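**Student:** Please see the structure below; I have some questions.
Rule-based calculations on the coordinates, nothing more; no lab input. Nothing here was measured: the structure is a model prediction, and the numbers come from that model. Note that we place each Cβ from the backbone using ideal geometry, even for glycine, and neighbour counts take in every protein chain shown.
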């Protein structure tokens, strides 16, 4: 009788683990985890030139999370029409459209930070100016 | 066991036997007392005018080695043939030491031969064979058949895989000097002076100009060594170029991490081949590349789109205002 009880318990525990592991974790279209976090802001911005080195003047980047703007100064001689932007955002948040592709920054560009729970969206305007 | 079962068993055995037989290597020549092997030492793309180096190893347990032979599917250019020396590594110093091994090395058309000298090294040796890539091989594949003979009359052969020869051209160590030989044409990979461009009417084929300006702009920002298209109206303004010159808008894309070993002269196993030049895109690229230093470079597309090149910077000199470049260039249309 005792053996039977132990076996039943083992099967029950195993079933919990088995079915528990099959639970669907929410992910977005890119397979990224959707979490409970609602924070939504940009923490860092960089811009690379064709040589994959930063074109920004050190200390020039200003991220305003209230006005939702990023202002940065590119070094003298930078080809501002061929820039690969990168940013860091708060945990679990994503950026739309994807950064890391060649982009023309001769006019300000807009990127939207989306929170981890995908419910909060904040659109940042990124402006690069050239050292004259 | 029934008759039917026996038949199935035999059929299974037959299939296994055929399967095993089909796994045997095609080349069985290398199992006798005379054996050979081939190693391609050169890892870089085969470029016209450059050489491919092979090591052809021969060894015999019977008699002595007499001759080695190499036949290329496309006759090589001048410089093709066996070296008279084989090499061994000195265990004390780690240095490779040459040993005179071949008496005569002759190249006649596609066939190169080496007569092995009588001596201590005629039982086992490794000869170097160099194939100078000829113009006729451009864009084609080339194969090699190596063979060796011994004093007992035996012969062994080994066939190389097919190697593709690049379509691109390469020119190394072109010295540019600010305000002198600084006008560079990709079509002939040559640097000209302003006077030469003027006299020969070459402005239409000039793809970029080398300039050195330590600083530039009203706030004197660092600019350094630069390659600038004639079409650039900002950085060449102090050259007072004739208004009649043709100014083609060449596109340049600076790189700092493409250290091509052929252009550099070794150091990194990184090579630019045809495919890199074919696939490089120049969307929104600048018409200049600045702050260039040694080991850096730029992908360049000529103004008329005929050529795509990689210009590698071998060295720069701020005092002499010079830059030495090496170029790989592919005609794309």
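**Student:** Treating the angle as unsigned and between 0 and 90°, give the value, to the nearest 10°, between the Cα long axis of helix B:3-22 and the longest Cα principal axis of chain B.
**Tutor:** Long axis of B:3-22 versus the principal axis of chain B: about 50 degrees.
**Student:** Still on this structure, I have one more. Can you pull the Rg over Rh of segment A:42-130, Cα-only, Kirkwood?
**Tutor:** Looking at segment A:42-130, the ratio lands at 0.96.
**Student:** Okay, moving on. Return the distance in nm (one decimal) between the two label points of a simple spin-label model at residue B:96 and residue A:123, each offset 7 Å from Cα along Cα→Cβ.
**Tutor:** With each label point 7 Å from Cα toward Cβ, the separation is 6.4 nm.
**Student:** Ignore the peptide's own chain and count Cβ atoms of other chains within 10 Å of each Cβ in B:217-223; give me the average, rounded.
**Tutor:** Shielding by partners across B:217-223 averages 3.
**Student:** Using a Gaussian network for chain B with springs between C-alpha atoms less than 10 Å apart, which of these wobbles most: B:46, B:114, B:320?
**Tutor:** Among B:46, B:114, B:320, the largest mean-square fluctuation in the Gaussian network model of chain B belongs to B:320.
**Student:** Fewest to most neighbouring Cβ within 10 Å: what's the order for A:32, B:65, B:38?
**Tutor:** A:32, B:38, B:65
**Student:** Any idea what the alpha-carbon Rg over 2.2 N^0.38 Å comes to for chain B?
**Tutor:** Working it through for chain B, the quotient is 1.39.
**Student:** With 10 angstrom as the radius, rank B:273, A:104, A:46 by how many other C-beta atoms surround their C-beta, starting from the fewest.
**Tutor:** A:104, A:46, B:273
**Student:** Can you give me the relative contact order of segment A:42-130 as a percent, contacts being Cα pairs under 8 Å and 6 or more apart?
**Tutor:** That works out to 30 percent.
**Student:** If you take the beta carbon distance between residue A:66 and residue B:261 as r and set R0 to 51 Å, what does 1/(1 + (r/R0)^6) give as a FRET efficiency, to the nearest 0.05?
**Tutor:** Rounded to the nearest 0.05, the efficiency is 0.50.
**Student:** Computed FRET efficiency, Cβ-Cβ of residue A:90 and residue B:239, R0 45 Å: what is it to the nearest 0.05?
**Tutor:** Calculated value: 0.30.
**Student:** With springs connecting C-alpha atoms under 10 Å apart, model chain B as a Gaussian network and identify which of B:218, B:64, B:107 has the largest mean-square fluctuation.
**Tutor:** Comparing B:218, B:64, B:107 in the GNM, the peak value goes to B:218.
**Student:** Test of understanding: ordering B:255, B:164 by Cβ neighbours within 10 Å, fewest first, what list do you get?
**Tutor:** Least crowded to most crowded, the residues run B:164, B:255.
**Student:** Please average, across the residues of B:251-258, the number of beta carbons from any other chain that are within 10 Å of each residue's own beta carbon, and give a whole number.
**Tutor:** Counting Cβ atoms of other protein chains within 10 Å of each residue's Cβ and averaging gives 3.
**Student:** Across peptide B:179-192, how many C-beta atoms of other chains are within 10 Å of each residue C-beta, on average?
**Tutor:** 0
**Student:** Does the protein assembly as shown classify as rounded, prolate or oblate by the C-alpha gyration tensor (a ≥ b ≥ c root eigenvalues; a/c under 1.5 gives rounded; else a/b over b/c gives prolate, otherwise oblate)?
**Tutor:** oblate
**Student:** Mark the label point 7 Å from the Cα of residue B:40 along Cα→Cβ and return the residues of segment B:273-289 whose backbone N is within less than 16 Å of it.
**Tutor:** Backbone N within reach: B:273-275.
**Student:** State whether segment B:29-164 is rounded, prolate or oblate according to the following rule on the C-alpha gyration tensor (a ≥ b ≥ c being the square roots of its eigenvalues): a/c under 1.5 gives rounded; otherwise a/b larger than b/c gives prolate, and the remaining case gives oblate.
**Tutor:** Since a/c reaches 1.5 and a/b is larger than b/c, the shape of segment B:29-164 is classed as prolate.
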